[in-house]
1. Quick one: 3J(HN,Hα) in Hz for region 293-310, Karplus 6.51/-1.76/1.60 with θ = phi - 60°, rounded, Gly and Pro as x.
2. Assuming R0 = 45 Å, can you tell me the calculated FRET efficiency for the pair Tyr194 and Ser44, based on Cβ-Cβ distance, to the nearest 0.05?
3. Which whole-Hz ³J(HN,Hα) couplings does region 186-196 yield from phi under the Karplus relation 6.51 cos²θ - 1.76 cosθ + 1.60, θ = phi - 60°, glycine and proline marked x?
4. At 0.36 nm per residue, minus the direct Cα-Cα distance, what do Gln374 and Lys248 gain on full extension? Give it in nm, one decimal, please.
5. Sorted by average packing, counted as other Cβ atoms within 10 angstrom per residue and highest first, what order do 240-251, 187-198 take?
6. Amide H to amide H under 5 Å from Phe359: which residues, 5+ apart in sequence or cross-chain, H placed 1.01 Å off N in plane?
7. Take the alpha carbon gyration tensor of region 1-62, find the square roots of its eigenvalues, order them as a ≥ b ≥ c, and report rounded if a/c is under 1.5; if not, report prolate when a/b exceeds b/c, else oblate.
8. Distance check, please: which entries in Lys306/Lys341; Lys222/Lys298; Lys190/Lys373; Lys143/Lys341; Lys96/Lys380 exceed 20 angstrom between their Cα atoms?
Amino acid sequence: MTREELMKMSKKDLKARIAALNKDAQAKSGDELQAIMDEAKEISGILADIASREALAGMVEDGTEDPTPVAGQGEEGMDAKNQARTKSGKALKDGKAVSYQAKTLARPMNTLTTSTGVVMPKHTSPDIAPTFNNVSSLIDRVKTVPLPGGESYQRPFVKSYGDGAGSTAEGADYNTSEPEFGYAEIVREKITAYAEEPEEMQKLPDADYDGVVEESVVRAIKRYASRQILVGPGGTGKFRGIFFNPSKAQDDIIDRNTDITTITAIDDATLDEIIYSYGGDEEVEDVAVLILNKKDLKKFAKLRDKQGRKVYTIVNHGNTGTIDEVPYIINSACAEIGGTKDAYCMAYGPLSNYEVAIFSDIEAKKSTEYKFKQGQTAYKACVFMGGNVVAKNGFIRVKNPTA
């Protein structure tokens, strides 16, 4: 059909024509298929013009002057990100699997229902108000290694450079001074997240619906992984955390004998004790980060000298900040100084000394069959990750004393 003929058709007829062309195209090829494609593009352009005119007419009626098409009124009025999210949202509604790129983990609303009802936005608001952040930025700061499809990963490190140089008599053998190496093994752990929601949640627009599901899934997985960086128990298919000690002391990456066990309360010497206890005998490290519980950060902030002045200058930036210009990160997996005996409370060192291997993307999938009678929709998500300390004595740890 010519453009003049198409221009005389209604929007409904144009959409029907598109559907008919799509059906005809299945059996066409060459020039015939190209002709169908050209007509389809012509119809698409006409429909876009119609949508723009309708949007402009609506703005005139509302007394506005901005003729920009509203997002959602045709693909012309949506940016690339919203188009992608809409596509993902529709796929989830259809029960298809959706993958979120694992790189978002390196840069994650745990529940979609509450005891008082469904967390739904009012009709006057296009979004849902978030709650307090429950994810430590530790997962965003450590080194990440993408290894799609892998099973395990080994990182070699230097245990010592050798210290055997010395004086040698003429004609005698040279002194032996060989570097010693070790290996940090990272095995993959299957991390999953599961949530249920009432079918009323389906009434959310596609983009918002997909955003809530993605945020919930990624946030839950990131929170778990961020805690495992510290308290991962080791063993088969588990993170090896900074606070993890192997069953045999000779297998330690962080020598357990270097743990600081003399701090029973936070005072004006605490930070210095940690900083100068870390590193080698010849220098003081200057790129390290202190990982601690928020309760202990509060103790640093409340400490006063005899004149009532603050002992430490603390600058807060949400989950991170500085204590006397020493960077810190809050992580609730850390115990509290002066609390449980033998519990690890803090870690100090360069975050590049811990590596997280990401063996897969996050895959999220929906099911409406499990609790069909109750009208519940179930979601599950899965990712394979692992982590370990990859430098000999890469961190100094603060541990509550036994007595």
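We did not get these values from a lab; they are worked out from the coordinates using the rules stated. Given the structure is predicted, the values throughout are model-derived calculations rather than measurements. Virtual Cβ from ideal backbone geometry, glycine too; neighbours counted across all protein chains shown.
1. 7, 4, 5, 6, 4, 4, 5, 4, 5, 8, 5, 10, 8, 5, 8, x, 8, 5
2. 0.65
3. These are the phi-based 3J(HN,Hα) values: 10, 10, 7, 10, 7, 10, 10, 9, 9, 8, 10 Hz.
4. Taking Gln374 through Lys248 to full extension adds about 40.2 nm, to one decimal.
5. The most tightly packed comes first, giving 187-198, 240-251.
6. Leu147, Phe384, Met385, Gly386
7. The shape class here is prolate.
8. Beyond 20 Å between Cα atoms: Lys306/Lys341; Lys222/Lys298; Lys190/Lys373; Lys143/Lys341.
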